[in-house]
1. Can you tell me which residue is farthest from the chain's Cα centre (by Cα) among those in the range 2-23 that are among the aliphatic types (A, V, I, L, M) and at pLDDT 95 or above?
2. So how many residues does the range 125-136 have that are under 28 Å from ILE18 (Cα atoms), touching a helix residue (DSSP H, G or I) at 6+ places or on another chain (Cβ under 9 Å) and either at pLDDT 95 or above or surrounded by 15 or more Cβ atoms within 10 Å (Cβ to Cβ) (or both)?
3. Could you please give the count of residues in the range 19-35 that are of a type in the set (S, T, N, Q) and assigned to a helix (DSSP H, G or I)?
4. Only one residue in ARG28, ARG110, ARG37, ARG116 is among the basic types (Lys, Arg), touching a helix residue (DSSP H, G or I) at 6+ places or on another chain (Cβ under 9 Å), surrounded by fewer than 19 Cβ atoms within 10 Å (Cβ to Cβ) and within 20 Å of ILE194 (Cα to Cα). Which one?
5. Filtering the range 137-172 down to residues that are in contact (Cβ under 8 Å) with a residue 60 or more places away in the chain and either over 16 Å from ALA203 (Cβ atoms) or aromatic (Phe, Trp, Tyr) (or both), which residue is surrounded by the fewest Cβ atoms within 10 Å (Cβ to Cβ)?
6. So which residues in the range 78-100 are surrounded by fewer than 14 Cβ atoms within 10 Å (Cβ to Cβ) and either among the hydrophobic types (A, V, I, L, M, F, W, C) or on the phi > 0 side of the Ramachandran plot (or both), if there are any at all?
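The values are calculated or read from the model by the stated rules, or taken from the named source; none is laboratory data. Nothing here was measured: the structure is a model prediction, and the numbers come from that model. We place every Cβ from the backbone using ideal geometry, glycine too, and count neighbours over all the protein chains shown.
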Amino acid sequence: MSRPGARTQLLIAGERLIAESGPDVSLRDVAVAAGQRNNSAVHYHFGSRDGLIEAVIGHRQAPLEQARLALLAEHESGGKPDDTIAALVAILVEPLFEAPYADGSRHYARFLERVRSHPVMAELALTSGQWPATRILTTRMLRALDYLPEAVRRQRLAAMASVMFALLADHERLLDEHRDTDTSSEAEARENIISMVVGLLTAPMVSRVAAHGASTSDGRGHQ
């Protein structure tokens, strides 16, 4: 396999160092880690630290979106799609276990965990032309959760990203610590992460559960 070009080496090095040390990592350290003699290599290729962060996300999102679009097409090929939250979350999350690691790096979830509240993330607003699969999936999730108030639905989708990044980051750490993890354990871990994300989105409102329990316990819940 040929050695990646300077720009790709900087992306991979930046991803790893930000994952390990946060977004304030020295750009000079990124250049050194990428094997670049020019300490200004990051500025040359990306303009700034924010440009580097945005480029890493763009670099990883492209194959992720391709994988999600393929899964969506397969999902819909049998006619009317089964737009349950579980099915939609699986399409969103499954590619995150494979696509970002095709080049051998295993830091993207930890990178996302570090930058999730960075201004660059807020500026990357979803549009119809950007990350179309993610946009389709989140739109369908909102519709599938229509039994919840709109503000609650949107809050849960926002929380989903943070929780998903944290769970996947922990999964990366475990894989680093236990590189001999067997296939069955890996499959179980994937299923558990998807199940936890589904649980976050679909959990009933506590106040309603408590009210139902109270009415049942005092007999008012019975005919």
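1. Filtering the range 2-23 down to residues among the aliphatic types (A, V, I, L, M) leaves 6, 10-13, 17-19.
From what's left, at pLDDT 95 or above: 10-13, 17-19.
Numbers: LEU10: 22, LEU11: 18, ILE12: 18, ALA13: 20, LEU17: 19, ILE18: 16, ALA19: 14 Å.
Here the answer is LEU10.
2. Filtering the range 125-136 for residues under 28 Å from ILE18 (Cα atoms) gives 125-127, 129-135.
Next cut, touching a helix residue (DSSP H, G or I) at 6+ places or on another chain (Cβ under 9 Å) only: 126-127, 130-134.
Pick out the ones that are also either at pLDDT 95 or above or surrounded by 15 or more Cβ atoms within 10 Å (Cβ to Cβ) (or both) and you get 131-134.
Selection size over the range 125-136: 4.
3. First pass over the range 19-35, keeping only residues of a type in the set (S, T, N, Q): 21, 26.
After this cut, where a residue has to be assigned to a helix (DSSP H, G or I) as well, the list is 21.
Of the residues in that region, 1 qualify.
4. Values: ARG28 fails: within 20 Å of ILE194 (Cα to Cα); ARG110 fails: surrounded by fewer than 19 Cβ atoms within 10 Å (Cβ to Cβ); ARG37 fails: within 20 Å of ILE194 (Cα to Cα).
After applying the criteria, what remains is ARG116.
5. Only one residue fits best here, namely ARG143.
6. Hit for the range 78-100 is GLY79, nothing else.
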